[in-house]
Amino acid sequence: MAHYRIALLPGDGIGVEVIGEAVRVLAAVGGRFDHSFEYSEDLVGGASIDAHGVALREETLEMCRAQDAVLFGAVGGPKWDDPAATVRPEQAILGLRKGLGLFANIRPVKMLPFLVDSTPLKRETVEAIDMVVLRELTGGIYFGEPQRRWEEGGQRHAVDTLAYSEEEVERIVRLGFETARGRRGLLTSVDKANILDTSRMWREITEEIASDYPDVTLEHRLVDACAMDLIRHPAWFDVIVTENMFGDILTDEASMLAGSMGMLPSASLGAAGSVGMYEPIHGTAPDIAGQGIANPAAMILSAALMLRYSLNLEAEAAVVEAAVSEVFAAGNLPADLAAAGSEPLGTEVLGELIAERVARG
Ligand code: NAD
């Protein structure tokens, strides 16, 4: 029996509700494939601020480093929303990314047939969507120095700095080529090379790396044009690779193409051998937290990505993904997807149905 050690960081709001369903489904995976999963759980985000005064403790980070992978719910909520506060829930995410060396955020966006009519776009535009967006996570304008505010001549001023090194660009772009190689073989590199020096360097490095991947077709798009094309013909895209802030925006846009925030998982990965982190793309949903109605699919599908990328259990990952599709396609839908007038199912009931489907084979 293979044994895996998982850090469980539920966070706040619906993060706490959906992570339990991922654990339930993993138990079914363990039963069917003869694996055991051992969990170490800790507080992060607002819950950790309340208990310890910080969003992420050093000992939590140490605990995560000793596991095979990290499952993360979501952090934040109105209670900790004061923009002037120096201690904020999202510091947990940034701290984990930095502390675990996670430089790549991977978001698969695939149209599931039963969702085709619940997106804001026309059926024929969205039905063939099947892409992966890779976002660089640890560089760019969110981390560059200087980053500060000051007053001068009675005016407020502020500066943020967009900086990248060759190594930071190369490792994410290589991952983009590798990912495209295992799919349709089209890599779209997104930048703002008509304006930014960092983008011109990004494009130059990407062109150099392309010679190592003659089987992959490389195209470059400016971020504004890409934002437009994602709406106009999203099915064109196979793998998109881009820097931190462009990726932050484009991944949210791409996720809306596939129907619902409650359906989309993500993986954050570092260099080979490092501990990956898996989380739904949605937040803590304070408007529905505590009601037991959150859609657990994004969290369960994040656990499937964990099986695939960190534990190397491709067959198990595919079984979980198929179980989610089948349960939902059979009309068992949570409140965010159920048609008006039909009776939606709660978080736990859906988790149980998906776990049963996994166990049954
Ligand atoms: P959100 O993703 O929490 O919610 C947006 C909307 O989508 C809400 O109407 C919510 O009810 C719905 N929704 C989201 N996930 C759902 C699910 N699984 N099932 C059903 N409906 C779902 O985004 P927000 O409202 O902008 O942010 C709320 C809080 O979450 C904020 O404090 C924000 O900072 C935080 N947040 C955290 C993360 C994270 O931890 N990674 C990401 C985004 C937002």
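The values are calculated or read from the model by the stated rules, or taken from the named source; none is laboratory data. Just so it is clear, the model here is predicted, and its values are computed rather than measured. Here Cβ is always computed from backbone atoms with ideal geometry, including for glycine, and neighbour counts include all displayed protein chains. Please note that ligands, DNA and RNA were not included when accessible areas were found on the heavy atoms of the full protein model with its side chains. Shrake-Rupley method; radii C 1.70, N 1.55, O 1.52, S 1.80 Å.
Here are a few things to note about the model shown:
- Checking GLU17 against (1) open to solvent by 40 Å² or more (accessible area, probe 1.4 Å); (2) within 30 Å of LEU353 (Cα to Cα); (3) within 15 Å of the ligand (Cβ to nearest atom); (4) outside any helix (DSSP H, G or I), the condition it does not meet: (4)
- When GLU124 is tested against (1) out of contact with any Leu (no Cβ under 6 Å at 6 or more places or on another chain); (2) open to solvent by 10 Å² or more (accessible area, probe 1.4 Å); (3) within 16 Å of the ligand (Cβ to nearest atom), just one condition goes unmet, and that condition is (3).
- For the range 283-301, the count of residues that are β-branched (Val, Ile, Thr), open to solvent by less than 40 Å² (accessible area, probe 1.4 Å) and either within 12 Å of the ligand (Cβ to nearest atom) or out of contact with any helix residue (DSSP H, G or I) (no Cβ under 6 Å at 6 or more places or on another chain) (or both) is at least one.
- Residue identified as part of a loop (DSSP other than H, G, I, E, B), over 30 Å from PHE177 (Cα atoms), in contact with a Pro (Cβ under 7 Å, 6 or more places away or on another chain) and aliphatic (A, V, I, L, M) among ALA85, ALA55: ALA55
- Among (1) surrounded by fewer than 18 Cβ atoms within 10 Å (Cβ to Cβ); (2) not assigned by TED's automatic domain parsing to the domain that holds TYR164 - the single one ILE249 does not satisfy: (2)
- Breaking point among (1) open to solvent by 60 Å² or more (accessible area, probe 1.4 Å); (2) at pLDDT 95 or above; (3) away from the ligand (no atom under 13 Å from the Cβ), for PRO78: (3)
- For the range 20-39, the tally of residues that are farther than 21 Å from THR284 by Cα and either assigned to a strand (DSSP E or B) or open to solvent by 30 Å² or more (accessible area, probe 1.4 Å) (or both) stands at 10.
- Residue within the range 144-156 that is surrounded by 14 or more Cβ atoms within 10 Å (Cβ to Cβ) and either closer than 30 Å to GLY99 by Cβ or assigned by TED's automatic domain parsing to the domain that holds GLU124 (or both) present: yes
- Strands (runs of 3 or more DSSP E) fully within the range 195-307 that include at least 3 residues being more than 24 Å from LEU8 (Cα to Cα): 217-222, 239-242.
- Only residues that are within 16 Å of the ligand (Cβ to nearest atom) and touching a Ser or Thr at 6+ places or on another chain (Cβ under 8 Å) were counted across the range 21-44, and they come to 5.
- Pairs are defined by a Cβ separation below 9 Å, a sequence spacing of at least 6 or placement on different chains, a first member in the range 278-303 that is under 18 Å from LEU333 (Cα atoms), and a second member that is more than 7 Å from the ligand (Cβ to nearest atom) and among the basic types (Lys, Arg); the pairs so defined are PRO296/ARG24; ILE300/ARG24.
- Selection status of ASP81, in the same structural domain as GLY270 (by TED's automatic domain parsing), touching a Lys or Arg at 6+ places or on another chain (Cβ under 9 Å) and either closer than 18 Å to ILE281 by Cα or without any contact (Cβ under 8 Å) to a residue 24 or more places away in the chain (or both): yes
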